[in-house]
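Take a look at the structure below.
Please treat every number below as a calculation from the coordinates, not as lab data. In this text the structure is predicted, and so the values were computed from the model without any measurement. Glycine also receives a Cβ, built like all others from the backbone with ideal geometry; neighbour counts cover every protein chain displayed.
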Amino acid sequence: MNKYKYKFFLFILALTMMFSGCLYRPDIQQGNELDDEMIASISLGMTKDEVADILGRPLITDPFNRDRWDYYYFLKDGKTGSVTRRALFIEFVDDKVSHFKGSAPTSQSESAPEEDAADS
């Protein structure tokens, strides 16, 4: 009987090792990566091309307002499940930056309830 318990134990051990690789969760990154250094290099009077050289073109453009660029960044860490969101809004007048506003990175744990978009 001990012989079968040993084989069963080895079988369970092999299954555990085989399925432990299935628990990998990759990081999910969407949007334009925005860090403090990139945002700090944006200044009033810069042209659209200069902004695009620093931040890239926005992934989503508003067809009704070509003088506003909205940048969004989302990162979900696969290990911890924490979510980081960031947004930057740039307005242009005569193809030059007239106003920009950026949000500080917001982080939340996966277990925390998501904020309603109308509240923020």
Original post:
Relative contact order of the range 24-108: what whole-number percent is it, with Cα pairs under 8 angstrom and at least 6 residues apart?
Top reply: 32 percent
Original post:
Dimensions of the range 24-108 along principal axes (Cα, Å, largest first)?
Top reply: 48, 26, 20
Subject >> FRET efficiency estimate (nearest 0.05) - Cβ-Cβ, LEU23 to SER43, R0 35 angstrom >> reply: 0.15
